[in-house]
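As C-alpha cells, the structure follows; a few thoughts come after it.
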Amino acid sequence: MAPRSRPGQSQSGRRRVLSYVALGLAVALCQQLGFVYSSRPAASGARGSLRSSRLARGAAGSADPLNTLTSMDFLLGAKASSEEVSDVAARVSKSSSDELWKLASWKPQTPPSWAMNENMKWTEVPIEERYLDAKQFRAVAEKLGIQANVAAVDSVFSCFTGGSGFAEKGKVDDALQNWGAGGSFNSGAFEASLLGARVQVFLAYGWLYGMSSFCGAFFFGRPILFGITGIDLFPSIRQWW
C-alpha cells in the first residue's frame with residue numbers, strides 16, 4: 001500500500017503550490033506593466049528595462065508641452081505661484097466661454113469608417129459641443145495677450161477640468177461666471193474652485209493607489225506571505241484560495 005500523506009503535509013503542499021502560482025502571476029503582471037526586465041527582444045523595441053522605459057517617457061514628456069504640469073504638480077501647487085495663477089484666472093475671467101471657444105483652433109473632423117461604409121449622413125460635432133484641451137487653452141491664452149508661466153495657465157485649465165485632460169464648455173462658463181460675478185474678479189470664488197479641483201485630484205490618487213495597494217496585498221501578497229510564513233494579513237476574511 002502507498003503511504004498516506006499526513007493532513008499537515010498535504011495542506012503545506014497546497015500552500016506552497018498556491019504561493020508559487022501567486023508569485024508567478026505577480027511576476028507576469030509586473031512584466032506586462034514594465035516593472036521587470038525582459039531579456040527577450042521585442043519586435044517593436046517597446047519592452048526593456050524599467051530604466052529605459054522611464055527615460056523614454058521622460059524624453060517624450062519634455063518634448064510634449066502637454067506634460068508641462070503634471071497632476072501631482074497641480075495638487076502640490078508646484079511650478080507656479082498662487083499669485084501667477086490668480087493673475088491668469090483674473091484675466092481669463094474677463095472673457096466668456098463663447099469667446100474662448102471661438103479663439104480656439106479646431107481640427108476638421110473626419111467621418112468614422114462605419115458611417116462611410118453604410119453611406120450614412122454624417123455631420124461634424126458643433127464647436128460649442130466639443131471639448132477643449134490644454135494645448136488649445138494655452139493658444140487661447142496667448143491670443144488673449146496673457147504672458148505668464150505655462151504652469152500657471154495649466155493650473156487655471158485644471159481648475160476647469162478638475163485635473164482631467166479636457167474642459168467642457170458648460171463647466172467653463174459656470175466657473176467664469178463665478179469668478180467674474182459682479183464685474184470684478186472674485187478671488188474667493190476662484191480659490192474655492194482651485195481647492196475643489198485639487199481635492200478631486202487627491203481623491204483620484206487615493207483611489208488609484210489605495211485600491212491598487214489593497215488588491216495587490218489581498219490577491220498576491222496575502223497568499224504568498226501565508227504560504228511561506230503562515231501569517232494571514234486579513235485573518236478575519238475568508239481565504240479566497
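Taking each residue of region 177-198 that is more than 18 Å from residue 99 (Cβ to Cβ) and looking for partners that are open to solvent by 70 Å² or more (accessible area, probe 1.4 Å) with beta-carbon atoms closer than 6 Å, six or more apart or interchain, yields 189/178. Exactly one residue out of 152, 148 is in contact (Cβ under 8 Å) with a residue 60 or more places away in the chain, surrounded by fewer than 19 Cβ atoms within 10 Å (Cβ to Cβ) and closer than 23 Å to residue 94 by Cβ: that is 148. Kindly establish whether residue 140 is β-branched (Val, Ile, Thr) and part of a loop (DSSP other than H, G, I, E, B). Here the answer is no, as residue 140 does not meet what is asked. Here the helices (runs of 4 or more DSSP H) wholly within region 59-114 that include at least 1 residues being hydroxyl-bearing (Ser, Thr, Tyr) and at pLDDT below 90 are 71-76.
Taken over region 82-133, residues that are within 30 Å of residue 149 (Cβ to Cβ) and either free of Cβ contacts under 8 Å to residues at least 60 places away in the same chain or open to solvent by 60 Å² or more (accessible area, probe 1.4 Å) (or both) amount to 19. Within region 162-194, being more than 21 Å from residue 81 (Cβ to Cβ), open to solvent by 20 Å² or more (accessible area, probe 1.4 Å) and in a helix (DSSP H, G or I) holds for 169, 170, 171, 173, 174, 177, 178, 181, 182, 183.
Rundown of residues vs (1) at pLDDT 90 or above; (2) farther than 30 Å from residue 171 by Cβ; (3) surrounded by 15 or more Cβ atoms within 10 Å (Cβ to Cβ), yes/no style:
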{"residue": "196", "(1), (2), (3)": "yes, no, no"}
{"residue": "204", "(1), (2), (3)": "yes, no, yes"}
{"residue": "209", "(1), (2), (3)": "no, no, no"}
{"residue": "212", "(1), (2), (3)": "no, no, no"}
{"residue": "217", "(1), (2), (3)": "no, yes, no"}
{"residue": "220", "(1), (2), (3)": "no, yes, yes"}
{"residue": "232", "(1), (2), (3)": "no, yes, no"}
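The values are calculated or read from the model by the stated rules, or taken from the named source; none is laboratory data. These figures come from a predicted structure and were not determined experimentally. Glycine also receives a Cβ, built like all others from the backbone with ideal geometry; neighbour counts cover every protein chain displayed. The accessibility values were calculated without ligands, DNA or RNA, using every heavy atom of the protein model including side chains. Shrake-Rupley method; radii C 1.70, N 1.55, O 1.52, S 1.80 Å.
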